[in-house]
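Read through the structure below, which is laid out as structure tokens, and then see the notes.
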Amino acid sequence: MKKSIMIWAISAIVYLGIVIGAYSVFDSINPKTEQHTNQTSH
Amino acid sequence: MSNELKETNFQITGMTCAACATRIEKGIKKMEGVKEANVNLALEKSTIKYDPEVASEQDFQKKIQDLGYDVVKDKVEFDITGMTCAACANKIEKRLNKLDGVDKAAVNFALETVLVEYNPEQVTVPEMKEAINKLGYTIEQKIENAGEKVDHRQIEIEKQQGKFIFSLILSFPLLWAMVSHFEFTKFIWLPDMFMNPWVQFALATPVQFVVGKQFYVGAYKALRNKSANMDVLVALGTSAAYFYSLYLSIRSIGSGTHMVELYYETSSILITLIILGKLFEAKAKGRSSEAIKKLMGLQAKNATVFRDGQEMMIPIEEVILGDIVYVKPGERVPVDGEIVEGQSAIDESMLTGESIPIDKTIGDSVIGSTINKNGFLKIKATKVGKDTALAQIIKVVEEAQGSKAPIQRLADVISGIFVPIVVGIAIITFLVWYFFVSPGEFAEALEKFIAVLVIACPCALGLATPTSIMAGSGRAAEFGILFKGGEHLETTHRIDTIILDKTGTVTNGKPSLTDVILAEGVDEKEFLTLVGTAEKNSEHPLAEAIVEGIKEKGIELEGSETFEAIPGFGIQSTANGKQLYIGTRRLMAKQNINVQDELAKMENLEKQGKTAMLVAIEGRFAGIVAVADTIKETSKEAISRLYSMGLEVVMITGDNTQTAQAIADQVGIKKVIAEVLPEGKAEEVEKLQKSGKKVAMVGDGINDAPALATADIGMAIGTGTDVAMEAADITLIRGDLTSIADAIFMSKKTITNIKQNLFWALAYNCIGIPIAAIGFLAPWLAGAAMAFSSVSVVLNALRLQRVKLKA
């Protein structure tokens with residue numbers, strides 16, 4: 001795979017990891033309750 | 001406006017659909033001094049014909065940039081030797097800046113370098129080097145740049161690939177979340193975090209503004225210039241989904257267990273699919289110019305030349321006229337030239353289709369890119385660079401691929417007005433849903449609005465014709481059929497009548513002397529000497545055959561004192577103090593020379609398919625010479641194929657009726673028009689056109705020029721020389737008549753392909769818009785369908801690259 005494509009792919013994976021990591025940390029600090037908003041997709 | 005028009009080409013970046021191409025074309029056409037402007041979306045290239053006294057290349061560049069696009073420029077750095085002071089640097093800078101295509105040249109006197117920014121379509125590195133060498137300095141491309149050629153299309157493909165992968169990775173969790181909530185997929189496990197609106201927001205935002213930035217930029221540029229293109233549709237559609245979702249996410253903060261319906265996945269998946277469509281398009285565009293790449297691949301990269309007493313290998317671009325080039329057995333001939341030493345067999349099949357290598361010796365010409373089979377040759381370069389036969393062929397194919405067929409202009413007009421109409425329909429759809437169908441349901445109305453915008457994207461319509469023209473003309477070139485323009489590719493399939501010239505078209509055009517009949521009391525040697533001397537000045541193939549035949553009998557010939565060719569009649573000449581007339585019955589009748597008793601002999605020869613010429617010396621009949629031209633091996637089969645295609649075939653010739661009929665009978669042609677003067681051929685073409693026929697004229701392009709120009713399609717048959725290419729609409733390089741049927745076949749295939757593409761492109765839009773407006777099309781599905789429509793159009797066009805000719 002070309003270098004530029006690798007950079008895009010790795011950036012996406014790293015960013016996804018950061019989002020998941022941040023949510024996990026946030027979730028452990030503020031555990032989910034029934035009152036919490038959830039989202040439905042259609 | 002001056003009479004001298006110049007032509008310039010630019011490679012343009014930033015075009016996303018036909019509306020962009022149309023906008024650039026219109027913008028440039030409005031400029032003063034512009035005679036013609038053509039922008040090809042598939043090639044990403046513009047061709048402009050203009051008056052250099054009124055407009056300049058810099059003006060066009062600026063206009064293109066003002067419209068929101070950019071011109072591809074390359075940069076190159078050279079080392080300079082020979083400069084002694086700042087004045088030298090100035091001189092070099094000025095000279096380079098004056099070259100067409102050079103945007104900026106900046107000399108660094110201290111470092112002895114020059115950096116040049118230039119348009120690669122207009123000027124090449126060797127041309128810059130030549131210009132400076134002529135001033136007395138030497139410039140050499142810097143080593144790290146040497147040999148590199150920036151492929152802008154490949155860079156664009158890689159960029160789109162990277163964006164697609166980025167977008168796909170971040171959209172995947174959103175897609176997962178969407179899919180797991182359908183009724184029939186509720187069993188699919190989904191991590192809770194992907195249902196969180198802020199996680200979705202975090203994933204969708206980079207897709208919207210990093211990957212999707214190109215649509216916002218494109219939309220802004222279009223709207224700034226008071227027009228609309230596909231970027232406007234995509235930016236509007238995805239922004240509606242994204243910002244509405246953001247609004248709902250903010251509103252839901254602290255609202256407890258309220259379930260929020262969001263559309264982040266709509267905007268992200270849309271962008272992902274549209275980028276995927278663009279990626280396929282870019283790749284397919286690269287593949288459809290494969291024909292050009294194949295032709296370019298035929299060229300040798302280096303040449304061995306003998307200069308200054310030594311042999312050296314140089315890049316082919318540095319070969320100059322007059323260079324002595326060495327070609328070893330097995331090597332490609334680098335440039336067009338004339339053999340000055342050696343003999344060999346040359347494989348010309350890649351250009352002429354002739355499968356048997358041709359024997360060549362001193363004095364024979366060779367074409368660049370052909371293969372030297374078995375002998376060592378020294379060749380004097382007679383044509384280099386852009387003037388070689390191969391370069392001319394590439395130029396014709398490129399121009400054909402870049403030119404617009406009439407059917408394409410229609411598609412461009414539709415594309416130009418389509419987008420504003422679609423935005424209007426989308427707004428109406430939203431209002432109808434919001435006020436009447438589902439009153440107050442903003443989200444539902446918004447969904448329909450987005451779906452209409454996305455499904456109506458006209459990119460497939462814009463690609464439909466140019467990709468087919470590119471693929472069709474490229475494939476035809478592989479078969480040795482060069483269409484000079486897209487419009488000829490469109491017209492050729494409508495032909496119903498073919499007019500064939502005789503000599504050189506139906507026949508080989510290499511007649512040979514077959515008979516010499518003398519009048520009583522005439523000395524054979526004197527007769528042959530006088531006839532040969534008289535005919536030596538004529539360029540007619542029949543005259544050449546007579547001269548060759550006489551020389552073979554060991555008779556030496558000198559030049560005649562006077563010579564006059566009388567087209568359609570023969571020649572008048574004075575040789576060795578004696579006046580001669582050589583030609584037709586009409587010539588003799590005109591000169592009141594009695595040949596009544598000889599006509600039977602003449603007719604007898606003509607019935608055998610020979611061309612007989614009466615010879616009168618000093619006002620008296622002296623004898624008859626006859627030449628016969630052999631019919632091309634493939635002529636009979638080719639003509640039979642033309643008849644089986646439902647075409648009418650006519651042979652036209654200046655030759656006498658009997659000879660013409662004999663040849664026609666041998667090849668199966670049912671209609672013959674004989675004894676036609678050169679200007680009469682064009683009149684015959686016109687007569688047929690007036691009777692409602694669509695006429696193609698096939699000739700060698702030189703003395704048939706008026707007829708070729710008058711016909712609906714002119715086809716030059718031969719080796720693709722400059723003259724033939726200039727006169728005709730199509731050049732049939734392989735020289736045999738089967739190419740005529742092949743050209744019509746390729747035209748039919750290409751037009752069918754274009755119509756299929758246009759049908760599908762319009763069908764997607766016309767069927768998709770009402771379906772989306774009614775509510776049967778989810779936005780993400782609309783995005784997939786739209787991407788698929790572009791891809792399917794391009795893939796359909798690429799099928800032309802696999803077309804096989806009918807046996």
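The values are calculated or read from the model by the stated rules, or taken from the named source; none is laboratory data. The model shown is predicted, which means the values in this text are computed figures rather than measured ones. Cβ coordinates were reconstructed from backbone atoms using ideal geometry, including for glycine residues, and neighbour counts include every protein chain displayed. For accessibility, only protein heavy atoms count, side chains too; no ligands or nucleic acids. Shrake-Rupley method; radii C 1.70, N 1.55, O 1.52, S 1.80 Å.
Could you tell me whether B:ALA622 is crowded, with 22+ Cβ neighbours inside 10 Å and not in a strand (DSSP E or B)?
no
Considering only the stretch B:467-490, state which residues are more than 18 Å from B:ALA21 (Cβ to Cβ) and surrounded by fewer than 21 Cβ atoms within 10 Å (Cβ to Cβ).
Correct list: B:GLU478, B:PHE479.
For the stretch B:3-37, give me each residue that is polar (S, T, N, Q) and either open to solvent by less than 30 Å² (accessible area, probe 1.4 Å) or within 22 Å of B:GLU156 (Cβ to Cβ) (or both).
B:THR8, B:ASN9, B:GLN11, B:THR13, B:THR16, B:THR22
Residues that are touching a Gly at 6+ places or on another chain (Cβ under 7 Å): find the strands (runs of 3 or more DSSP E) completely inside the stretch B:470-530 holding 3 or more of those.
B:512-518
Here's a check for you: in the stretch B:90-109, which residue that is of a type in the set (A, V, I, L, M, F, W, C) and not in a helix (DSSP H, G or I) is surrounded by the fewest Cβ atoms within 10 Å (Cβ to Cβ)?
B:ALA106
Would you pick out the residues in the stretch B:517-540 that are among the aliphatic types (A, V, I, L, M) and within 49 Å of the chain's Cα centre (by Cα)?
Correct list: B:VAL531, B:ALA534.
Within the stretch B:419-429, how many residues are among the hydrophobic types (A, V, I, L, M, F, W, C), at pLDDT 90 or above and surrounded by fewer than 22 Cβ atoms within 10 Å (Cβ to Cβ)?
The total comes to 3.
For the stretch B:558-586, what are the residues that are more than 14 Å from B:ALA543 (Cβ to Cβ) and either within 43 Å of the chain's Cα centre (by Cα) or not in a strand (DSSP E or B) (or both)?
Hits for the stretch B:558-586 are B:GLU558, B:GLU561, B:GLY568, B:ASN576, B:GLY577, B:ARG585, B:ARG586.
Can you find a residue that is among the hydrophobic types (A, V, I, L, M, F, W, C), modelled with pLDDT under 80 and either under 25 Å from A:TRP8 (Cα atoms) or assigned to a helix (DSSP H, G or I) (or both) anywhere in the stretch B:167-183?
Scanning the stretch B:167-183 turns up no residue that is among the hydrophobic types (A, V, I, L, M, F, W, C), modelled with pLDDT under 80 and either under 25 Å from A:TRP8 (Cα atoms) or assigned to a helix (DSSP H, G or I) (or both).
Are there any pairs with C-beta distances below 6 angstrom linking a residue in the stretch B:154-178 that is closer than 18 Å to B:GLU261 by Cα and within 8 Å of chain A (Cβ to nearest Cβ) to a residue that is at pLDDT below 85 and buried (at least 21 other Cβ atoms within 10 Å of the Cβ), with the two at least 6 apart or on different chains, and if so which?
B:ALA177/A:SER41; B:MET178/A:SER41
What are the pairs with Cβ atoms under 6 angstrom where one residue, in the stretch A:19-32, is within 11 Å of chain B (Cβ to nearest Cβ) and the other, located anywhere, is modelled with pLDDT under 90 and part of a helix (DSSP H, G or I)? Sequence gap at least six, or different chains.
Going by the 6 Å Cβ cut-off, the qualifying pairs are A:TYR23/B:MET193.
Looking at B:ASP655, B:ASP704, B:ASP665, which is the one that is in contact with a Ser or Thr (Cβ under 8 Å, 6 or more places away or on another chain) and either modelled with pLDDT under 90 or open to solvent by 60 Å² or more (accessible area, probe 1.4 Å) (or both)?
Just a single option satisfies the conditions, and that option is B:ASP655.
Do we have any residue at all in the stretch B:186-193 that's in a helix (DSSP H, G or I) and either crowded, with 22+ Cβ neighbours inside 10 Å or under 37 Å from the mean Cα position of the chain (by Cα) (or both)?
no
Just the residues that are facing chain A (nearest Cβ under 8 Å) and either of a type in the set (D, E, K, R) or touching a strand residue (DSSP E or B) at 6+ places or on another chain (Cβ under 6 Å) (or both), please, taken from the stretch B:191-230.
B:ASP192, B:MET195, B:PRO197
At pLDDT 85 or above and assigned to a helix (DSSP H, G or I): does that describe B:ILE269?
Criteria met by B:ILE269.
Out of (1) modelled with pLDDT under 90; (2) within 21 Å of B:THR634 (Cβ to Cβ), what's the single condition that is false for B:ALA696?
Going through the list (1) modelled with pLDDT under 90; (2) within 21 Å of B:THR634 (Cβ to Cβ), B:ALA696 breaks only (1).
Within the stretch B:502-552, can you find the residues that are out of contact with any strand residue (DSSP E or B) (no Cβ under 9 Å at 6 or more places or on another chain) and open to solvent by 70 Å² or more (accessible area, probe 1.4 Å)?
B:LYS510, B:GLU520, B:GLY521, B:ASP523, B:LYS525, B:GLU544, B:LYS551
So which residues in the stretch B:531-555 are part of a loop (DSSP other than H, G, I, E, B) and within 13 Å of B:ALA575 (Cβ to Cβ)?
The answer is B:LYS536, B:ASN537, B:SER538, B:ILE555.
Output the residues belonging to the stretch B:299-321 that are out of contact with any helix residue (DSSP H, G or I) (no Cβ under 9 Å at 6 or more places or on another chain), modelled with pLDDT under 90 and open to solvent by less than 70 Å² (accessible area, probe 1.4 Å).
Residues satisfying the conditions are B:ARG307, B:GLY309, B:MET312, B:ILE314.
Considering (1) crowded, with 17+ Cβ neighbours inside 10 Å; (2) modelled with pLDDT under 85; (3) closer than 30 Å to B:ALA456 by Cβ, say which one B:ILE275 fails and leave the rest.
(2)
Those residues that are surrounded by fewer than 24 Cβ atoms within 10 Å (Cβ to Cβ), among the small types (Gly, Ala, Ser) and assigned to a helix (DSSP H, G or I), I need them from the stretch B:434-466; list them, please.
Passing the criteria: B:ALA443, B:ALA445.
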